[in-house]
Amino acid sequence: MKKFLTLLFIGFIAFSIKAQEKNANNTTVDPNAPAFEFEKEVIDYGKIEQNADGVRVFKFTNTGKSPLIISRIQSSCGCTVPTKPKDPIMPGKTGEIEVKYATNRIGGFNKTITIFSNATEPTKRVRIKGIVLKPESDVVKQKSKVAI
């Protein structure tokens, strides 16, 4: 009797897992839904000076058939501040997402910005990366001029 109940329990769990698997794969895509098409999904700041202008812009086009509404934008840390468009982006029109990185932090960075919207891809991730250089001291600058 114990073996029968154990087999029945295992069978029930396997059946429920399989049922959930089928439901997850049956997602339909609305052909009229808005869609993102970014000019660049990664913006490389390159090597920049400390306290330089940290503002960059992600430009995109709504390639779908209905207005694109960005509900919110989230960055991977507090040193990156994204700004979302206030109005919906109409089909065929372009929009911009402004991102400001705090360039007072020295060293390399690689940050992710997550965009939540009503697009066919409801969660879209874009990235910024670069290196903030340590400023040279006056002593090093004077020494290099003397050595020349």
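Structure data summary
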quantity	calculated
Neighbours by Cβ (under 6 Å, 6+ apart or cross-chain): first from the stretch 67-78, open to solvent by 40 Å² or more (accessible area, probe 1.4 Å); second not in a strand (DSSP E or B)	Pro67/Pro88; Pro67/Met90; Ile69/Pro88; Ile69/Asn118
Matching entry among Lys18, Lys47, Lys22, Lys59 (being in a strand (DSSP E or B) and either at pLDDT below 90 or touching a Leu at 6+ places or on another chain (Cβ under 6 Å) (or both))	Lys47
Flag for Ala33 being modelled with pLDDT under 90, open to solvent by less than 40 Å² (accessible area, probe 1.4 Å) and assigned to a loop (DSSP other than H, G, I, E, B)	yes
Which listed residue is farther than 17 Å from Asn104 by Cβ and not aromatic (Phe, Trp, Tyr), from Lys47, Lys86	Lys86
Any hit, the stretch 99-107, residues being in contact (Cβ under 8 Å) with a residue 24 or more places away in the chain and of a type in the set (S, T, N, Q)	yes
All positions within the stretch 107-129 that are surrounded by 13 or more Cβ atoms within 10 Å (Cβ to Cβ) and over 27 Å from Asn32 (Cβ atoms)	Phe109, Lys111, Thr112, Arg127, Ile128, Lys129
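The values are calculated or read from the model by the stated rules, or taken from the named source; none is laboratory data. Fair warning: this is a prediction, and the values are worked out from it, not measured in the lab. Cβ coordinates were reconstructed from backbone atoms using ideal geometry, including for glycine residues, and neighbour counts include every protein chain displayed. Protein only, heavy atoms only, side chains kept; ligands, DNA and RNA dropped before computing areas. Shrake-Rupley method; radii C 1.70, N 1.55, O 1.52, S 1.80 Å.
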